[in-house]
Amino acid sequence: MKPKLAGLIALVAVLAVLVAACSGGNDSPTGDGASDEGEALDASAEVLMPAAAEAIGAVSSVHFQLERTGAPVHIDPADLIAIEAVEGRWVAPDSADALLEVKINDSINTKLGAVSVDGLVYLSNPITGDFEPLPDGYDVDPTEFFDPVDGWRPLLLEMSDVELIGEDDRAGGTYHLRGTAPASRVENVTAGLVDDQDLELDLWIETDTALVRSVEFTNDHDLGTSSWRLDLDRYGEEMTIEIPENVSG
């Protein structure tokens with residue numbers, strides 16, 4: 001299956017949307033295992049995974065960065081455009097924008113922009129720089145990744161063999177966890193980037209809020225093994241995503 005840009009644009013980011021419709025702010029999780037604001041959550045996978053799923057489900061906005069190393073992953077039917085990195089923002093309930101760093105024909109580096117507002121998707125023309133309505137046959141909606149039903153919240157809840165690796169510093173104090181995500185969820189959240197295989201995820205979540213700070217994983221495919229790192233920050237900040245002014249076509 002050819003990976004959809006929607007999943008790449010987010011891989012990520014927000015491991016969000018998840019509970020029902022992403023709403024609310026950047027509140028700390030509540031319930032068993034949760035602590036007063038600023039205090040660390042109980043250091044156990046049984047507490048941390050449900051807390052992470054709950055916290056990410058209440059996210060109203062997020063900034064994300066995704067980087068790939070290793071074997072190339074192409075995002076076009078002709079296998080000419082390889083994704084290198086993605087940086088973007090997501091705002092509840094269904095707006096997103098992203099800048100994709102790509103390599104064309106294994107030699108030319110360029111960038112593509114994607115914006116989705118109210119169900120309308122625009123993709124930048126690499127030659128003119130203008131945005132154009134998404135052509136028929138393309139699937140590049142940067143909001144699609146954040147599905148409240150099939151997104152990251154159910155994936156977090158259904159991960160198996162989760163273990164606490166320890167504590168780490170990733171832009172602040174985090175717990176490092178590792179577990180296996182089922183193939184049925186992996187394909188959804190990666191938009192086809194990974195299919196027909198369970199995926200081992202390394203997660204770093206904030207010790208006091210349970211918000212996901214980083215995700216790392218590798219996947220095998222026809223061209224070899226690719227490694228991915230997703231970093232999430234600026235949770236709950238005010239962000240405005242609008243239809244680009246330079247729209248043609």
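Are there any pairs with C-beta distances below 9 angstrom linking a residue in the range 214-235 that is at positive phi and surrounded by 13 or more Cβ atoms within 10 Å (Cβ to Cβ) to a residue that is part of a strand (DSSP E or B) and among the charged types (D, E, K, R), with the two at least 6 apart or on different chains, and if so which?
ARG234/ARG89
Can you pull out the strands (runs of 3 or more DSSP E) entirely within the range 64-137 that have at least 1 residues that are among the basic types (Lys, Arg)?
81-91, 95-104, 108-117
Please list, ordered by first then second residue, the pairs with beta carbon atoms under 7 Å, 6 or more apart or interchain, first in the range 61-90 and under 13 Å from VAL102 (Cα atoms) and surrounded by 22 or more Cβ atoms within 10 Å (Cβ to Cβ), second modelled with pLDDT of 85 or more and basic (Lys, Arg).
These pairs meet every condition: ILE83/ARG68.
Considering only the range 70-96, how many residues are touching a Ser or Thr at 6+ places or on another chain (Cβ under 6 Å) and within 28 Å of PRO154 (Cβ to Cβ)?
Within the range 70-96, residues that are touching a Ser or Thr at 6+ places or on another chain (Cβ under 6 Å) and within 28 Å of PRO154 (Cβ to Cβ) number 6.
Take the conditions modelled with pLDDT of 90 or more, among the acidic types (Asp, Glu) and farther than 22 Å from ALA171 by Cβ and apply them to GLU46. Does it pass?
When the stated conditions are applied, GLU46 passes them.
In this structure, does GLU101 turn out to be surrounded by 14 or more Cβ atoms within 10 Å (Cβ to Cβ) and over 14 Å from the mean Cα position of the chain (by Cα)?
yes
The values are calculated or read from the model by the stated rules, or taken from the named source; none is laboratory data. Note that the coordinates shown come from a computational prediction; the quantities given were computed from them, not determined experimentally. Heads up, the Cβs are rebuilt from the backbone with ideal geometry, glycines too, and the neighbour counts pull from every protein chain shown.
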